[in-house]
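To start, the structure under review is shown below, and the notes come after it.
The values are calculated or read from the model by the stated rules, or taken from the named source; none is laboratory data. Because the structure is predicted, anything quoted here is derived from the model rather than measured. All Cβ positions, glycine included, derive from the backbone under ideal geometry; neighbour counts span all protein chains shown.
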Amino acid sequence: MRPEGREIGSEFHWDPALLLTVAREGHLPAGHQLFATGCGAMSALLRRLAQPGRLHVPSFFCMGVAEALSADMPLAWYRHRPDGRGPRFETLRARPGDVVLAQNLFGRDDGEAWHDWIDANPDVIVVEDHSHDPFGPWAESSTAPYAVASLRKTLPLPDGGLLWSPRGLPVPAPAGEPSTGAHLKLTAMLLKSAWLDGRPIAKETFRELQGRGEQTLLGSAGPPSEFTAAVLPVLNIARVRTASTRNARALSALLGLECDVPRGAAPFRVQLLCPDEQSRDDLLRHLAGHGIFAPVHWRQDRGGVWSGDEESAELADRILTVPVDHRCGPADVHRAAQVLGGKPARSTKPRPLAAQR
Ligand SMILES: Cc1ncc(COP(=O)(O)O)c(C=O)c1O
């Protein structure tokens, strides 16, 4: 087998085996709207709400999304770091007329604290971001006014941003045309699938399409591609969640890390925390050298839009995500653990997030 054939992580390919054999109704939230992207869905919602105040964003979040949303509302930040302590409500100074973005960070939160906060602050609009576990127990039992989830982070789809109101409030619909970016990305997914099958497709071809597609798609508040709209209702989401949960648990166990998640939740891969930025970057290179493409959720550029919370930015400098998603089998998970065991000399042992508690 080509070494590339054993890659772990990177973009999803299209795999028709992930479709249900029998259609099942009702795994999408009632009254939802489907957009091309999660960011576009949030932006359309903020524009519809037209609140006069500020948008409160967690200090450990995707800075590109925060920056995009700052065009719709001025930003404020509250502390929510990947330290197992959840949101720090004493830093969330929201007033009536403000909107708060709450997130299920790495699929490890149960939403209980938010449930209470929402009850106690009925004049503040809370939008929950469930991108890391869109079909988990918190998303399904949410009491928030609004919820959103970017779907292509966990599901093999070229695009898709789900917007719904757990309270049954009206939500805006997408406007305009689907993004051509989704078509480029779908082409990349199909070509990658052929490449994985050993067909003579150059890796650069689908990588270039994927990158260009993502750039074109970025922030689209249009409708999803026809492909995503047709496939989402018949995707075997339970199977994807079960497989990725099994893999995150297995890798955590092999590395001697805790995998402490709410009952029924699907953790978003495995995050490691290195001693410093240099050892994190060394580890990223080491993993890539073994065909394991680990993303960083999320870099904070102190010279650009960032949380202003030095500790969150410092954690962002040291973190990486080992992408043991639903595509991995037990052998892949073992290989990832082995590769992590033989790290380059300069990187000291990565520490689990739980060790920060
Ligand atoms: C947690 C989270 N929420 C929302 C988004 C926005 O989703 P999309 O890329 O579909 O616009 C992202 C994107 O990276 C994200 O990481």
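Things worth noting here:
- Only one of the listed residues (Asp325, Asp301) is buried (at least 18 other Cβ atoms within 10 Å of the Cβ), touching a residue at least 40 places away in the same chain (Cβ under 8 Å) and in a loop (DSSP other than H, G, I, E, B). That residue is Asp325.
- Residues of the stretch 139-155 that are in contact (Cβ under 8 Å) with a residue 60 or more places away in the chain, in contact with a strand residue (DSSP E or B) (Cβ under 8 Å, 6 or more places away or on another chain), part of a loop (DSSP other than H, G, I, E, B) and more than 10 Å from the ligand (Cβ to nearest atom): Leu155 alone.
- Residue match in the stretch 220-236 (condition: away from the ligand (no atom under 16 Å from the Cβ), farther than 18 Å from Asp159 by Cβ and surrounded by 15 or more Cβ atoms within 10 Å (Cβ to Cβ)): yes
- Per-region count, the stretch 32-60, residues surrounded by fewer than 23 Cβ atoms within 10 Å (Cβ to Cβ), more than 16 Å from Gly160 (Cα to Cα) and touching a Gly at 6+ places or on another chain (Cβ under 9 Å): 4
- Only a single item in (1) surrounded by fewer than 21 Cβ atoms within 10 Å (Cβ to Cβ); (2) part of a loop (DSSP other than H, G, I, E, B); (3) out of contact with any Lys or Arg (no Cβ under 6 Å at 6 or more places or on another chain) is not met by Ser307, and it is number (1).
- Taking residues in the stretch 214-234 that are more than 20 Å from Pro172 (Cα to Cα) and outside the structural domain of Leu45 (by TED's automatic domain parsing), and partners anywhere that are charged (D, E, K, R) and assigned to a helix (DSSP H, G or I), the pairs with Cβ atoms closer than 8 Å and at least 6 places apart or on different chains are Glu214/Lys185.
- The residues on offer are Gly181, Gly198, and the sole one that is under 30 Å from Val99 (Cα atoms) and touching a Lys or Arg at 6+ places or on another chain (Cβ under 9 Å) is Gly181.
- Positions within the stretch 174-213 being free of Cβ contacts under 8 Å to residues at least 60 places away in the same chain and assigned to a loop (DSSP other than H, G, I, E, B), in sequence order: Gly176, Glu177, Asp197, Arg199, Pro200, Ile201, Ala202
- Leu28 vs. criteria within 15 Å of the ligand (Cβ to nearest atom) and either among the polar types (S, T, N, Q) or in contact (Cβ under 8 Å) with a residue 24 or more places away in the chain (or both): no
- Considering the stretch 265-280, and only residues there that are in contact with a strand residue (DSSP E or B) (Cβ under 9 Å, 6 or more places away or on another chain) and not β-branched (Val, Ile, Thr), the residue that is nearest to Arg327 (Cα to Cα) turns out to be Arg269.
- Total residues in the stretch 61-94, condition β-branched (Val, Ile, Thr) and within 16 Å of the ligand (Cβ to nearest atom): 1
- Members of the stretch 110-138 found to be more than 12 Å from the ligand (Cβ to nearest atom) and within 14 Å of the chain's Cα centre (by Cα), listed by number: Phe135, Gly136
For every residue, the table says whether it meets (1) within 15 Å of Thr180 (Cα to Cα); (2) of a type in the set (Gly, Ala, Ser).
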position	(1), (2)
Lys203	no, no
Glu208	yes, no
Gly213	yes, yes
Gly222	yes, yes
Glu226	yes, no
Ala229	yes, yes
Leu232	no, no
Arg241	no, no
Ala248	no, yes
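- Qualifying residue in the stretch 174-197 (condition: in contact with a strand residue (DSSP E or B) (Cβ under 6 Å, 6 or more places away or on another chain) and not assigned by TED's automatic domain parsing to the domain that holds Asp119): yes
- Residue within the stretch 242-259 that is under 30 Å from Ala113 (Cβ atoms), modelled with pLDDT under 95 and either touching a Ser or Thr at 6+ places or on another chain (Cβ under 8 Å) or in a helix (DSSP H, G or I) (or both) present: yes
- Residue list for the stretch 48-107, filter: hydrophobic (A, V, I, L, M, F, W, C), part of a loop (DSSP other than H, G, I, E, B) and on the phi < 0 side of the Ramachandran plot: Phe60, Phe61, Cys62, Ala71, Met73, Leu92, Ala94
- Considering Glu208, Glu214, the condition of being within 15 Å of the ligand (Cβ to nearest atom) and of a type in the set (Asp, Glu) is satisfied by Glu214 alone.
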